[in-house]
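Note sheet for the following structure.
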Amino acid sequence: MSRPNTKMRFIESSNEKYEKLVSMIQSLTEEEKNQPFTFEVTEKMKENHWRRDKNLRDVLIHLYEWHQLLLDWVRANQNGEKKSFLPEPYTWKNYVELNLKFGEKHQSTSFEEAYKRWTSSHQEVMHLAETFSDDELFEKKYFTWTGTTSLGSYFVSSVPSHYEWAIKKLKKQMKA
C-alpha cells in the first residue's frame, strides 16, 4: 500500500493498521502480552529498535510518546508558539536518544496502562487530523512551521507508518 497523500487515505490507512494491531494484541494471552520479546536479533537487523524494545509495552509506549510529540507540536504551533517537532536538545540526527529516554521513562508503566494510553492517544490524533482540510494536511509548506514538508507527512509517520513498524515487530515475536 502506498503512503497516504490525502486525508481520506490517511484516515483509512491509520484505522486499518490500528485495527490490525489491536486484533493482534487481543489474540495474545495475558502472559504473552507481558513477556519479554524472545525473537533473535540478527546482524541484518541493524535498526536500533530491534534491541531497544524489550516487550510489547515498550512498543506501545513508543507509539504513545510519538503521538504526544505530534499532538504537542501541532497544538503549540496552532496557538502561535513556535515549536519544533522534536524537543530540545534532540534533532533528526540524534532522536535515537529520545526514543531511549521514552523507554526509560516508562519502565514502571504496566502493559495495561501502555495499551490504554496508546488507544486514547490514537483517538486524539485522529480527532485532530479530522480538523484539517486535505490541503492543510498534504500541501507542502502550507504551514510555515512544517518546514519544506506537509503536516500530513508528520501524521503519516506518527500513525500508519509507525503502526506498520509495530505490526512487523509483533509478528516477529509471535513467530518466535
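Taking L128, is it among the hydrophobic types (A, V, I, L, M, F, W, C) and within 22 Å of R57 (Cβ to Cβ)? Can you show your working first?
Numbers: among the hydrophobic types (A, V, I, L, M, F, W, C): yes; within 22 Å of R57 (Cβ to Cβ): no.
Considered against the rule, which asks whether it is among the hydrophobic types (A, V, I, L, M, F, W, C) and within 22 Å of R57 (Cβ to Cβ), L128 comes out as no.
Among the residues of the range 32-43, is there at least one that is assigned to a loop (DSSP other than H, G, I, E, B), among the charged types (D, E, K, R) and either without any contact (Cβ under 8 Å) to a residue 12 or more places away in the chain or within 28 Å of D135 (Cα to Cα) (or both)? Walk me through how you get there before you give the answer.
Within the range 32-43, the subset assigned to a loop (DSSP other than H, G, I, E, B) is 35, 37-43.
Within this subset, residues satisfying the condition of being among the charged types (D, E, K, R) are 40, 43.
If we keep only those that are either without any contact (Cβ under 8 Å) to a residue 12 or more places away in the chain or within 28 Å of D135 (Cα to Cα) (or both) as well, we get 43.
Yes, the conditions are met somewhere in the range 32-43.
Only one of S161, S108, S157 is closer than 18 Å to E65 by Cβ, more than 18 Å from the chain's Cα centre (by Cα) and of a type in the set (G, A, S); which? I'd like the intermediate steps shown before the answer.
Numbers: S161 fails: more than 18 Å from the chain's Cα centre (by Cα); S157 fails: more than 18 Å from the chain's Cα centre (by Cα).
After applying the criteria, what remains is S108.
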Got at least one residue in the range 94-111 being closer than 21 Å to G152 by Cα and out of contact with any Asp or Glu (no Cβ under 6 Å at 6 or more places or on another chain)? yes
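So, of the residues in the range 135-176 that are among the aromatic types (F, W, Y) and part of a loop (DSSP other than H, G, I, E, B), which turns out to be least open to solvent (accessible area, probe 1.4 Å)?
Here is the first cut: in the range 135-176, the ones among the aromatic types (F, W, Y) are 138, 142-143, 145, 154-155, 163, 165.
Still in the running and part of a loop (DSSP other than H, G, I, E, B): 142-143.
Details: Y142: 98, F143: 38 Å².
Step by step, filter the range 135-176, then rank; the result is F143.
Please tell me if L100 is within 23 Å of A176 (Cα to Cα) and hydrophobic (A, V, I, L, M, F, W, C). Step through it out loud before you land on a result.
Numbers: within 23 Å of A176 (Cα to Cα): no; hydrophobic (A, V, I, L, M, F, W, C): yes.
No; evaluated as a whole, the condition is false for this residue.
Output the residues belonging to the range 35-47 that are over 20 Å from W118 (Cβ atoms) and open to solvent by less than 60 Å² (accessible area, probe 1.4 Å). Walk me through it before giving the result.
Our first condition is that a residue be over 20 Å from W118 (Cβ atoms); within the range 35-47, this holds for 38-47.
The answer is F39, V41, T42, M45.
Kindly indicate whether M8 is exposed (fewer than 15 other Cβ atoms within 10 Å of the Cβ) and part of a loop (DSSP other than H, G, I, E, B). I'd like the intermediate steps shown before the answer.
Values: exposed (fewer than 15 other Cβ atoms within 10 Å of the Cβ): yes; part of a loop (DSSP other than H, G, I, E, B): no.
Taking the combined requirement at face value, the residue does not satisfy it.
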Within the range 107-134, the count of residues that are among the polar types (S, T, N, Q), open to solvent by 90 Å² or more (accessible area, probe 1.4 Å) and either outside any loop (DSSP other than H, G, I, E, B) or modelled with pLDDT of 95 or more (or both) comes to 2
Identify all residues within the range 79-106 that are of a type in the set (F, W, Y) and either in a loop (DSSP other than H, G, I, E, B) or open to solvent by 50 Å² or more (accessible area, probe 1.4 Å) (or both); write none if there are none. F85, Y90, W92, Y95
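Of all residues in the range 14-34, which are surrounded by 12 or more Cβ atoms within 10 Å (Cβ to Cβ) and either of a type in the set (G, A, S) or over 16 Å from P4 (Cβ atoms) (or both)?
S14, L21, V22, M24, I25, L28, E32, K33, N34
The values are calculated or read from the model by the stated rules, or taken from the named source; none is laboratory data. Quantities reported herein were computed from a predicted structural model and do not represent experimental measurements. Here Cβ is always computed from backbone atoms with ideal geometry, including for glycine, and neighbour counts include all displayed protein chains. We work out accessible area using only protein heavy atoms, side chains counted, and drop any ligands, DNA or RNA first. Shrake-Rupley method; radii C 1.70, N 1.55, O 1.52, S 1.80 Å.
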